[in-house]
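**Q** Dropping the structure in here first, questions after.
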Amino acid sequence: MLKIAVMVSGGGTNLQAIMDAIQDHKITDTTITAVISNNADAYALERARNAGIPAVCVSRKEIPDRDAYNKALLDAVDASGADLIVLAGFLVVIPTEMIQKYRNRIINIHPSLIPSFCGTGYYGLKVHEGVLSRGVKVTGATVHFVDEGTDTGPIILQKAVAVEEGDTPQILQRRVMEQAEWQLLPQAIDLIAHDRVVVEDGLAHIR
Ligand code: GAR
């Protein structure tokens, strides 16, 4: 049984997709041991509590010192006993100690086709604003392992989504979630739960 901790900052629709996929047996042999948020007001926390999943908040406002905050975050992850950490819209930079301790055991969903529209400054709606202002015709989502860079780790899954005439960032965000993110993230977790993802020479392969 794969134990996962899901880290969130906001609405938690990706968390919901994971919970639904477990319920519907699209993800098997997997249990969520904790949902961890940096934001006490995140609706994701309520989704977790409604589902009876332990939900904790490690708030930057309460722990302003960066080192102390990083330690508290790592303590919360360690306490969850998770084998895999899933970043589902978690908008805090992951501390280096956590990346080293959980090497190839942290995955992230990013709402573009990496290496486009990723890296520092590209998160949430800003990604879709960037896509629209460049006028690209295809965007999408990526699930990747987390390494020391920003959105630079081994790519596990990607799915393309069409940009349409008249899209606003909000409309495009919703389409990328519906057509890509909510499928890809559960799919990646299920692959990992069944030992089907291997990292070799910095690249992820599905076996
Ligand atoms: C999602 O679109 C996710 O891909 C994005 O934040 C949103 C969270 O939505 N993550 C990033 O931009 C990470 N760089 P949710 O809280 O409804 O799952």
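All of the numbers you see were taken from the coordinates with simple rules; none came from a lab. Being a predicted model, the structure only gives us computed values, none of them experimental. With ideal geometry, Cβ positions are generated from the backbone for all residues, glycine too; neighbour counts draw on all protein chains shown.
**Q** State which residue is nearest to the chain's Cα centre (by Cα) when the search covers only region 153-166 and only residues that are surrounded by 12 or more Cβ atoms within 10 Å (Cβ to Cβ) and more than 19 Å from residue 88 (Cβ to Cβ).
**A** Among those that are surrounded by 12 or more Cβ atoms within 10 Å (Cβ to Cβ) and more than 19 Å from residue 88 (Cβ to Cβ), it is 160.
**Q** Could you tell me which numbered condition residue 151 fails, if it satisfies all but one of (1) within 16 Å of residue 110 (Cα to Cα); (2) of a type outside the set (Ser, Thr, Tyr); (3) part of a helix (DSSP H, G or I)?
**A** With respect to (1) within 16 Å of residue 110 (Cα to Cα); (2) of a type outside the set (Ser, Thr, Tyr); (3) part of a helix (DSSP H, G or I), residue 151 is out only on (3).
**Q** Also: Report every pair of residues separated by at least 6 positions or lying on different chains whose Cβ atoms are under 9 Å apart, first residue within region 39-51 and at positive phi, second of a type in the set (Ser, Thr, Tyr) and part of a loop (DSSP other than H, G, I, E, B).
**A** So the pair list comes out empty.
**Q** I would also like to ask the following. What number of residues within region 107-124 are within 8 Å of the ligand (Cβ to nearest atom) and not in a loop (DSSP other than H, G, I, E, B)?
**A** 3
**Q** If I go through region 6-39 residue by residue, how many of them are more than 15 Å from the ligand (Cβ to nearest atom) and in contact with a strand residue (DSSP E or B) (Cβ under 8 Å, 6 or more places away or on another chain)?
**A** Matching residues across region 6-39 total 6.
**Q** Pull out all pairs, ordered by first then second residue, where Cβ-Cβ is under 8 Å, the residues are six or more apart or on different chains, the first lies in region 79-95 and is under 19 Å from residue 141 (Cα atoms), and the second is among the aromatic types (Phe, Trp, Tyr).
**A** Qualifying pairs under 8 Å: 85/102; 91/123.
**Q** Within region 20-30, is even one residue within 22 Å of residue 147 (Cα to Cα) and buried (at least 20 other Cβ atoms within 10 Å of the Cβ)?
**A** No, the conditions are met nowhere in region 20-30.
**Q** While we're here: Kindly evaluate residue 80 against the criterion of being among the small types (Gly, Ala, Ser), within 16 Å of residue 38 (Cβ to Cβ) and out of contact with any Asp or Glu (no Cβ under 7 Å at 6 or more places or on another chain).
**A** Criteria met by residue 80.
**Q** Please go through (1) within 15 Å of the ligand (Cβ to nearest atom); (2) crowded, with 16+ Cβ neighbours inside 10 Å for residue 46 and return the number of the only condition it doesn't satisfy.
**A** (2) is the only condition that residue 46 fails.
**Q** Could you pull out the residue among 158, 179, 173 that is within 13 Å of the ligand (Cβ to nearest atom), of a type outside the set (Ser, Thr, Tyr), assigned to a helix (DSSP H, G or I) and touching a Leu at 6+ places or on another chain (Cβ under 8 Å)?
**A** Only one candidate passes the filter, namely 173.
**Q** Identify, from the list 112, 116, the residue that is within 13 Å of residue 151 (Cα to Cα), touching a strand residue (DSSP E or B) at 6+ places or on another chain (Cβ under 8 Å) and surrounded by fewer than 22 Cβ atoms within 10 Å (Cβ to Cβ).
**A** One residue alone meets the criteria, 116.
**Q** Within region 178-202, work out how many residues are within 16 Å of residue 138 (Cβ to Cβ) and among the aliphatic types (A, V, I, L, M).
**A** Going through region 178-202 one residue at a time, the tally reaches 2.
**Q** Among the residues of region 141-161, count how many are within 14 Å of residue 179 (Cβ to Cβ) and of a type in the set (Gly, Ala, Ser). It would help to see each step written out before you state the result.
**A** The initial filter retains those residues of region 141-161 that are within 14 Å of residue 179 (Cβ to Cβ), namely 141-142, 157-161.
Those left that are additionally of a type in the set (Gly, Ala, Ser): 141, 160.
Final tally of qualifying residues: 2.
**Q** Considering only residues of region 125-148 that are in contact (Cβ under 8 Å) with a residue 24 or more places away in the chain and assigned to a loop (DSSP other than H, G, I, E, B), which is farthest from the ligand (Cβ to nearest atom)?
**A** Among residues in region 125-148 that are in contact (Cβ under 8 Å) with a residue 24 or more places away in the chain and assigned to a loop (DSSP other than H, G, I, E, B), the one farthest from the ligand (Cβ to nearest atom) is 137.
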